[in-house]
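Student: Take a look at the following structure, please.
The values are calculated or read from the model by the stated rules, or taken from the named source; none is laboratory data. Note that the structure is a prediction, hence the values are computed from the model and not measured. Cβ placement follows ideal geometry from the backbone for every residue including glycine, while neighbour counts extend to all protein chains displayed. Only protein heavy atoms, including side chains, enter the accessible area calculation; ligands, DNA and RNA are left aside. Shrake-Rupley method; radii C 1.70, N 1.55, O 1.52, S 1.80 Å.
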Amino acid sequence: MKPISEAHVAQPGLAVVDVAACDDQTAFAVQALLAGRWATASADRTIRVPGEPGVRPRCYLDVRQELGSQL
């Protein structure tokens, strides 16, 4: 998995979330829950980390902007 870039967490309210789940379906369900609440750049695939269980997608959140709100 790529290192987290400083730009992705440069301001308060920005977050990087790494999800670990047993399968793609579960990982994307968690990601969908996050995307249903906040502005989110979601992953379109998961990765498997050698030596670690499950799959991992990474998504980028802007928790300053709740879904349906206007800044």
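Student: Can you find a residue that is among the β-branched types (V, I, T), in contact with a strand residue (DSSP E or B) (Cβ under 9 Å, 6 or more places away or on another chain) and in a strand (DSSP E or B) anywhere in the stretch 19-39? Let's see the steps before the verdict.
Tutor: Just the residues of the stretch 19-39 that are among the β-branched types (V, I, T), to begin with: 19, 26, 30.
This time we only want the ones that are in contact with a strand residue (DSSP E or B) (Cβ under 9 Å, 6 or more places away or on another chain), so: 19, 26, 30.
Now restrict to residues that are in a strand (DSSP E or B): none.
There is no residue in the stretch 19-39 that is among the β-branched types (V, I, T), in contact with a strand residue (DSSP E or B) (Cβ under 9 Å, 6 or more places away or on another chain) and in a strand (DSSP E or B).
Student: May I ask you to verify whether T26 is touching an Asp or Glu at 6+ places or on another chain (Cβ under 7 Å), open to solvent by less than 70 Å² (accessible area, probe 1.4 Å) and over 19 Å from D62 (Cα atoms)?
Tutor: In short, no.
Student: Which one is least open to solvent (accessible area, probe 1.4 Å) among residues in the stretch 37-58 that are closer than 12 Å to D24 by Cα and among the β-branched types (V, I, T)?
Tutor: Checking each candidate, the answer is V55.
Student: Quickly run through the stretch 12-53 and pick out the residues that are without any contact (Cβ under 8 Å) to a residue 24 or more places away in the chain and within 17 Å of R64 (Cα to Cα).
Tutor: L33, T40, A41, S42
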